[in-house]
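Engineer: Supplied in structure tokens, the structure appears directly below.
The values are calculated or read from the model by the stated rules, or taken from the named source; none is laboratory data. Everything numeric here is computed off the predicted structure, so don't read it as measured data. Please note: Cβ atoms are built from the backbone with ideal geometry, for glycine as well, and neighbour counts cover all protein chains shown. Side chains included, ligands, DNA and RNA excluded: accessible areas come from the protein's heavy atoms. Shrake-Rupley method; radii C 1.70, N 1.55, O 1.52, S 1.80 Å.
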Amino acid sequence: MGRIVYLNGEYLPEDQAKVSIFDRGFLMADAVYEVTSVLGGKLIDFDGHVVRLARSLNELGMKNPLSRADLLEIHRELLRVNEVVDGGVYLQISRGAPADRDFVFPDPVETPQTVVLFTQSKPGITDSPSARDGIKVISIPDERWARRDIKTVQLLYPSMGKMMAKKAGCDDAWLVENGLVTEGTSNNAYIIKGNRIITRNLSNDILHGITRAAVLRFAREAQMEVEERPFTIEEAQSADEAFISSATMFVTPVVEIDGVAIGSGKPGRNASRLRDIYLEESRKNAI
Ligand code: PLP
């Protein structure tokens, strides 16, 4: 039996949930999304995702069709009916399906937004080989649009980046603009030098990761120094450690960049410690 998913106010079997071919999410990538991780049946950093969703919608001039309470209820109901223990909830809101294809935004009164949520079950998600062994990344030019702070469904270039990495026998790609690393294809990028964590400062150039905010808070609480500034691939290659963060990968060590081993070539002590702290604290605060 397939999943039960949420579409515009209804809980439906996944094969009965249909969206119009005129939906602007489908035709124009005119949609925003969030992915909230689930551990032990509970939502990690739910409020962070709700706040960022509201910001993404606002930046695109879309209204927010659901309150925090509505969103929480839908997330929890989907977890319950689909019996998800570990995994995540995907949420997408598009500008809806007007009567015809048109670049101009439709009247929001005539065209209701399309709201979709579904669960993804990933048992044992925290014991992944990538967490144990670390991941290898390549660098590629950052050829995305200039508003990467808005979490839109324009994911073609990140998908291409993952495919380039796969072709090179690696796990992911770090994106480079003007000689400096912006972020990973679907995660934020960090290096560690001694006791100092270095990650790019927030701006329109990167997504403001919810996991990033939590990781930097925990790092400071654990007496690590945090420096928010851009860095080059060369600086990363000579760092002691490197790692990425995202809602689905938590904190995952990076052990190789463009064929160069980072530190010992094994997951570093500080990155592994941060992962443990992140998971422990997140489980504690999950709702
Ligand atoms: N950067 C990009 C480009 C992403 O797509 C993501 C997650 O999808 C992240 C960073 C990490 O964000 P979060 O920690 O909120 O999952």
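Engineer: If you go through the stretch 132-150 one residue at a time, do you hit one that is within 19 Å of R52 (Cβ to Cβ) and either aromatic (F, W, Y) or touching a Cys at 6+ places or on another chain (Cβ under 6 Å) (or both)?
Structural biologist: Initially, the stretch 132-150 is screened for residues within 19 Å of R52 (Cβ to Cβ), giving 144-150.
Filter again for either aromatic (F, W, Y) or touching a Cys at 6+ places or on another chain (Cβ under 6 Å) (or both), leaving 145.
Within the stretch 132-150 (the criterion being within 19 Å of R52 (Cβ to Cβ) and either aromatic (F, W, Y) or touching a Cys at 6+ places or on another chain (Cβ under 6 Å) (or both)), the answer is yes, since at least one residue qualifies.
Engineer: Assess whether E241 counts as being more than 30 Å from S56 (Cβ to Cβ), more than 16 Å from the ligand (Cβ to nearest atom) and more than 19 Å from the chain's Cα centre (by Cα).
Structural biologist: Details: more than 30 Å from S56 (Cβ to Cβ): yes; more than 16 Å from the ligand (Cβ to nearest atom): yes; more than 19 Å from the chain's Cα centre (by Cα): yes.
Against the criterion (more than 30 Å from S56 (Cβ to Cβ), more than 16 Å from the ligand (Cβ to nearest atom) and more than 19 Å from the chain's Cα centre (by Cα)), E241 qualifies.
Engineer: Kindly provide the set of residues from the stretch 48-84 that are open to solvent by 70 Å² or more (accessible area, probe 1.4 Å) and within 16 Å of the ligand (Cβ to nearest atom), ordered by number.
Structural biologist: V51, R55, E59
Engineer: Note down all Cβ pairs under 9 Å where the first residue falls in the stretch 153-164 and is closer than 22 Å to R24 by Cα, the second is open to solvent by less than 70 Å² (accessible area, probe 1.4 Å) and among the acidic types (D, E), and they're at least six residues apart or on different chains.
Structural biologist: V153/D30; Y157/D142
Engineer: Identify all residues within the stretch 4-25 that are small (G, A, S) and within 13 Å of L117 (Cβ to Cβ); write none if there are none.
Structural biologist: Narrowing the stretch 4-25 to residues small (G, A, S): 9, 17, 20, 25.
Hits for the stretch 4-25 are G9, A17.
Engineer: Sticking with this structure for a sec: Looking at (1) closer than 25 Å to F231 by Cβ; (2) open to solvent by 20 Å² or more (accessible area, probe 1.4 Å); (3) within 16 Å of the ligand (Cβ to nearest atom), which is the one condition that is false for Q92?
Structural biologist: (1)
Engineer: Same structure, new question: For the condition at pLDDT below 95 and within 30 Å of I4 (Cα to Cα), what is the one hit in S128, S121? Before you say what the answer is, go through the steps one by one.
Structural biologist: Numbers: S121 fails: at pLDDT below 95.
None of the others qualify; the one that does is S128.
Engineer: Considering the stretch 231-287 alone, what residues qualify as being aromatic (F, W, Y) and surrounded by fewer than 23 Cβ atoms within 10 Å (Cβ to Cβ)? Before you say what the answer is, go through the steps one by one.
Structural biologist: Start the filter on the stretch 231-287 by keeping residues that are aromatic (F, W, Y), which leaves 231, 243, 250, 278.
Answer for the stretch 231-287, where residues must be aromatic (F, W, Y) and surrounded by fewer than 23 Cβ atoms within 10 Å (Cβ to Cβ): F231, Y278.
So that you can scan it fast, the table gives a plain yes or no per residue for (1) near the ligand (Cβ under 10 Å from one of its atoms); (2) out of contact with any Gly (no Cβ under 8 Å at 6 or more places or on another chain); (3) not assigned by TED's automatic domain parsing to the domain that holds A239:
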| residue | (1), (2), (3) |
| --- | --- |
| R144 | yes, yes, no |
| I150 | no, yes, no |
| V153 | no, no, no |
| L156 | no, yes, no |
| M160 | no, yes, no |
| G169 | no, yes, no |
| D172 | no, no, no |
| E177 | no, yes, no |
| L180 | no, yes, no |
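Engineer: Sticking with this structure for a sec: Would you say R196 is open to solvent by less than 60 Å² (accessible area, probe 1.4 Å), in contact with a strand residue (DSSP E or B) (Cβ under 9 Å, 6 or more places away or on another chain) and either free of Cβ contacts under 8 Å to residues at least 24 places away in the same chain or not β-branched (V, I, T) (or both)? Before the answer, list the steps.
Structural biologist: Values: open to solvent by less than 60 Å² (accessible area, probe 1.4 Å): no; in contact with a strand residue (DSSP E or B) (Cβ under 9 Å, 6 or more places away or on another chain): yes; either free of Cβ contacts under 8 Å to residues at least 24 places away in the same chain or not β-branched (V, I, T) (or both): yes.
Here the answer is no, as R196 does not meet what is asked.
Engineer: In a helix (DSSP H, G or I), free of Cβ contacts under 8 Å to residues at least 12 places away in the same chain and surrounded by fewer than 16 Cβ atoms within 10 Å (Cβ to Cβ) - does that describe any residue in the stretch 11-31?
Structural biologist: yes
Engineer: Please verify whether R95 is within 24 Å of E280 (Cα to Cα), basic (K, R) and in contact with a Gly (Cβ under 9 Å, 6 or more places away or on another chain), treating the condition exactly as stated.
Structural biologist: Details: within 24 Å of E280 (Cα to Cα): no; basic (K, R): yes; in contact with a Gly (Cβ under 9 Å, 6 or more places away or on another chain): yes.
Considered against the rule, which asks whether it is within 24 Å of E280 (Cα to Cα), basic (K, R) and in contact with a Gly (Cβ under 9 Å, 6 or more places away or on another chain), R95 comes out as no.
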